[in-house]
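The values are calculated or read from the model by the stated rules, or taken from the named source; none is laboratory data. Owing to the predicted nature of the structure, the values given are computational and were not obtained by experimental measurement. Note: ideal-geometry Cβ built from the backbone for every residue, glycine included; neighbour counts use all protein chains shown.
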Amino acid sequence: MALIKTKGLVIKEQAYKEQDKILTIFTENEGKIQCMARGVRRQKSGLLASTQIFAYGEFVYYPGKNFGIINQASLIEAFYPLRNDLTKMALAAYLLDLINNAFDFYQKSPEILKLLLHVLFYLSGGKAKNDLVLVGAFQLKLVSVLGYRPGITQCMICESDQKPAVFSIEGYGILCKNCKHQATGYSYKLSPGMLELLRDFLRKPIKELKEQDASTEDATKVNDLLDHYIGYCVGKSSKAYTFYKSLLNPLSKIK
Ligand SMILES: [Zn+2]
């Protein structure tokens, strides 16, 4: 069987047997794959660093029926600083969870992988003015690439340009105040700041958005809205987002 070689990011790791792991890797050439990494939970394993969650590396594996078997792996970037900041790590873990939920096995998007690597690099290096802006931009760009780009220029029902009042999850975009009552399902009230953020996330590249600030209130609401929207579009909600939110407000968990 021919070996496959591709770059990829470990988006999920599960312990398997005594010393092995089953990794889910979002790769450049093969899409989302699952691979067994043997003996990598031993301290002496040469593959220890390259087979952990958040590891971006070059992987060589034997393709298999259910999962591949890792033969070699060399680490390119580990995003180590993420591990020193629980909030950043929870946010980054959420992005990986989004990919895991949104992509089927062997479905690929080198464009999204590249975007994710940029966002992880900025998050990990503390290079962004506002991490929530990065996360929101990733959410919106991801869902757009998946084919669910929301309508945010005009009302989704009457197509007028008048001031949008809400973002309707099931309406796939914004609605004006005259149409908002026709929406089914959940709608988010939009502040001017939230609308501006949504529009910026779509039209500006990530390199520009990392320099952009926003009010925490607007950015948080947009993150919540987009998480809800992605969950609706891909048919699966993210537990990692719930975990991240519980870190921000520990009391909400106890209630
Ligand atoms: Zn309308």
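A few notes on this one:
- Inter-residue pairs, beta-carbon under 8 Å, first closer than 21 Å to LEU132 by Cβ and in contact (Cβ under 8 Å) with a residue 12 or more places away in the chain and in region 171-200, second within 10 Å of the ligand (Cβ to nearest atom) and of a type outside the set (A, V, I, L, M), 6+ apart: ILE174/GLN154; ILE174/CYS155; ILE174/PRO164; LEU190/PRO164; LEU195/PRO164
- Residue in region 127-134 that is surrounded by fewer than 15 Cβ atoms within 10 Å (Cβ to Cβ) and either outside the structural domain of PHE54 (by TED's automatic domain parsing) or farther than 20 Å from ALA214 by Cβ (or both) present: yes
- Condition broken by SER144, with the remaining ones in (1) farther than 16 Å from LYS204 by Cα; (2) of a type in the set (Ser, Thr, Tyr); (3) touching a Pro at 6+ places or on another chain (Cβ under 9 Å) satisfied: (1)
- Of all residues in region 226-247, those satisfying the criterion of being in contact (Cβ under 8 Å) with a residue 60 or more places away in the chain and within 14 Å of ALA90 (Cα to Cα) are SER238, LYS239, ALA240, TYR241, PHE243, TYR244, LEU247.
- Filtered residues of region 7-35 (kept if among the hydroxyl-bearing types (Ser, Thr, Tyr) and surrounded by fewer than 17 Cβ atoms within 10 Å (Cβ to Cβ)): TYR16
- Qualifying residue in region 12-32 (condition: aromatic (Phe, Trp, Tyr) and under 21 Å from VAL143 (Cα atoms)): yes
- Those strands (runs of 3 or more DSSP E) lying entirely in region 160-226 with at least 3 residues within 15 Å of the ligand (Cβ to nearest atom) and buried (at least 18 other Cβ atoms within 10 Å of the Cβ): 164-168, 173-176
- If you go through region 172-193 and pick out every residue that is within 23 Å of the chain's Cα centre (by Cα) and of a type in the set (Gly, Ala, Ser), you end up with 3.
- Search result, residues across region 135-159 that are within 16 Å of the ligand (Cβ to nearest atom) and either not in a loop (DSSP other than H, G, I, E, B) or not assigned by TED's automatic domain parsing to the domain that holds LEU86 (or both): GLY151
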